[in-house]
Amino acid sequence: MDAESGGGGAARAARRKPWSAELLLAYQSLGVVYGDVATSPLYVFKSAFAGGDIEHSAGNEEIYGVLSLVFWTLTLIPLLKYVFFVLRADDHGEGGTFALYSLICRRVRAGLLPDADELAARREGASPPAPLSAVRAALERHRVLQRLLLLLALLGTCMVIGDGVLTPAVSVFSAVSGLELELDNEQHEYILLPVTCAILVGLFTLQHYGTHRVGFLFAPIVCLWLLCISIIGLYNILHWNPHVYRALSPYYAYKFLQKTQRGGWMSLGGILLCVTGSEAMYADLGHFSQSSIKIAFTSLVYPALILAYMGQAAYISRHHNFENINHIGFYVSVPEKIRWPVLVIAILAAVIGSQAVITGTFSIIKQCCSLSCFPKVKIVHTSSTVHGQIYIPEINWILMILCLAVTIGFRDTKHLTNAQVWRS
């Protein structure tokens, strides 16, 4: 059931936006799409070395190897994969797993869902038939392949929704864990967990204001966070290890895996967390546009993240202590004089980081409903100009309950990140 629907014409009009409107959407996308991947420096290095199987050497090969793997993961997945390829596969302005499935069904005529074929037939008149290929012919001929395609779409959808449960807990808990440096061990359990739960409840309560208002509210904080980690990263590079740029070479990634063997392969799960939330670039496509998402990532998000990770590696290379995992975290690389202000900004940014997967979950549930693959729910359109900006009350509160449950159940950043690694 759609409430306050803006109509399908809004989605078509959004494609013809002037550059001023695209820049405005790019600014808003910072507060919705990129909060999650922008806060990954809070826990990536800590998670990569959490296993304790990697021993440090005098030449810092292990630290350089992790930095190299992080750099190339960020370059290959969000930058090359999403910006240059995946974002082009939109289904009339919509993104996400089911948008891709609907697009394939329209081109191949291999839909298994009852509304997929009808939707394909209705939209097919707008574009010429694609040339027949071996893959297309096989999909049209074999029912088993069609069922496998649907199964993969459902599995991908479940994984994104699972991310909507785990990511808010990981992001907020990781940010709040900066209090560990100022609290006694006995106070951790009685302060960190209640503060995290209170912040999560506030985050989900804000969702009914819609993507437009939330984006304007959150975007300045994400900009401040990206500027903050960029400056701290640049300071650490210049002050502690100006030669850390050498680790950007893939040679260090190869040497790291060759030297550490099993420990290095186990650390890949933690390294993969540097791109957690990047799927929101595609899932939240209906909330913004291709150009706005690309502009925000290439001009601000990507350079800031590279500087942040390089700065952490530069600091750790001079202050390594693998026995105490807290000495590899983000906050120890922050100069002590500005640690409290950075902690506040980090907590706010972590709250925003959860926004990307929440709005992405709303979009995917809407697509599932349109394909009769999910029970009908109330869908509130929160914008009169961007048709894809929606809010689903039932899904919002279910996500909040599940998020609080995993936070209280795991009660620890390490266990939460392990769960997210297994999900990935």
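Where a number appears in this text, it was derived from the coordinates with a stated rule and is not lab data. From a predicted model like this one, the values you see are computed outputs, not experimental measurements. Glycine also receives a Cβ, built like all others from the backbone with ideal geometry; neighbour counts cover every protein chain displayed.
For the pair LEU145 and SER249, label points projected 7 Å from Cα toward Cβ lie 4.5 nm apart. By other beta-carbon atoms within 10 Å, ranking GLU94, GLU336, GLU22 with the fewest at the front produces GLU336, GLU22, GLU94. Arranged from fewest to most other beta-carbon atoms within 10 Å of their beta carbon, SER333, SER291 become SER291, SER333. Applying the Karplus relation 6.51 cos²θ - 1.76 cosθ + 1.60 with θ = phi - 60° to the range 60-70 yields 3J(HN,Hα) values of 6, 4, 5, 5, 5, x, 5, 4, 4, 5, 5 Hz, where x marks Gly and Pro. The convex hull around the C-alpha trace of the range 209-286, projected and averaged over every direction, spans 7.7 square nanometres. The order of ILE401, ILE104, going from fewest to most other C-beta atoms within 10 Å of their C-beta, is ILE401, ILE104.
In a solvent-free Debye calculation with one equal scatterer on each Cα, what is log10 I(q)/I(0) for the range 253-364 at q = 0.19 Å⁻¹, listed in the order of the q values? Log-scaled intensity ratios, in q order: -1.22. Cross-link pairs exceeding 31 Å between alpha carbons, from the set LYS81/LYS255; LYS46/LYS376; LYS81/LYS376; LYS46/LYS81; LYS46/LYS294; LYS46/LYS255: LYS46/LYS376; LYS81/LYS376.
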